[in-house]
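Data block below; observations after.
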Amino acid sequence: MPRSARHAPGGVVYHVLNRAAGRIPLFRREGDFEAFERVMLEAHEQVPIRLLGWCVLPNHWHFVAWPRDDGELTAFFRRLAHTHAMRWRVAHRTVGYGPLYQGRFKSFPVQADAHLRTVLRYVERNALTAGLVRRAEAWRWGSLW
């Protein structure tokens, strides 16, 4: 039985995230982060969604996105996660080892008021909270950089 379609109307801000399956490190070295950024740019060329903030960490990623149209959120993040997973498996010679992500991306609507600022700060401070840097803006793999 197929999954039900995700209801993500345009004009709403979303906090979007996805995690690696089995807690594996998705991003082990700088080249892994760079490859993800390339996929992100390619996906954005195909689906030019508004991205307000993002942060990529060793085993997961977060975005704050504001789609203009219905279906845009799903189109962008499906393309991002699927393309990244396929390329990652090939690059790490693990094709056939099962899913890379725990499941499809998760998305949570965010009120476009003070809550938006709070979510953006949370997303952009993720590397700081994880102890990866001393200052949030020092994390190379996020929008605050």
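Here are the numbers for this structure:
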quantity: Count of residues meeting criterion [surrounded by fewer than 19 Cβ atoms within 10 Å (Cβ to Cβ), in a loop (DSSP other than H, G, I, E, B) and of a type outside the set (A, V, I, L, M)] in the range 21-66; calculated: 6
quantity: Filter result for ALA8 (of a type outside the set (Phe, Trp, Tyr), out of contact with any Lys or Arg (no Cβ under 6 Å at 6 or more places or on another chain) and at pLDDT below 95); calculated: yes
quantity: Filter result (modelled with pLDDT of 95 or more and in a loop (DSSP other than H, G, I, E, B)) within the range 106-129; calculated: ARG125
quantity: Any hit, the range 130-142, residues being among the basic types (Lys, Arg), touching a Phe, Trp or Tyr at 6+ places or on another chain (Cβ under 8 Å) and part of a loop (DSSP other than H, G, I, E, B); calculated: yes
quantity: The lone exception for LEU100 - which of (1) within 26 Å of GLY11 (Cα to Cα); (2) in contact (Cβ under 8 Å) with a residue 60 or more places away in the chain; (3) surrounded by 15 or more Cβ atoms within 10 Å (Cβ to Cβ) it fails; calculated: (1)
quantity: Hits in the range 36-54 - residues which are among the hydrophobic types (A, V, I, L, M, F, W, C) and touching a Ser or Thr at 6+ places or on another chain (Cβ under 9 Å); calculated: VAL39, ALA43, LEU51, LEU52, TRP54
quantity: Options THR83, THR74; residue that is open to solvent by less than 40 Å² (accessible area, probe 1.4 Å), touching a Lys or Arg at 6+ places or on another chain (Cβ under 9 Å), at pLDDT 95 or above and more than 24 Å from ARG117 (Cβ to Cβ); calculated: THR74
quantity: The range 5-38: number of residues that are under 16 Å from THR94 (Cβ atoms) and of a type in the set (Ser, Thr, Tyr); calculated: 0
quantity: Criterion violated by ARG93 - all others in (1) open to solvent by 100 Å² or more (accessible area, probe 1.4 Å); (2) at pLDDT 95 or above satisfied; calculated: (2)
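Let's see how each residue does on (1) among the hydrophobic types (A, V, I, L, M, F, W, C); (2) within 13 Å of the chain's Cα centre (by Cα):
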position	(1), (2)
HIS62	no, yes
PRO67	no, no
ASP70	no, no
HIS84	no, yes
LEU100	yes, no
GLY131	no, no
ARG135	no, no
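The values are calculated or read from the model by the stated rules, or taken from the named source; none is laboratory data. This one's a predicted model, so the numbers in the text were calculated from it and none came from an experiment. Don't worry about glycine lacking a Cβ; one is built from the backbone with ideal geometry, like all the others, and counts go over all protein chains shown. Protein only, heavy atoms only, side chains kept; ligands, DNA and RNA dropped before computing areas. Shrake-Rupley method; radii C 1.70, N 1.55, O 1.52, S 1.80 Å.
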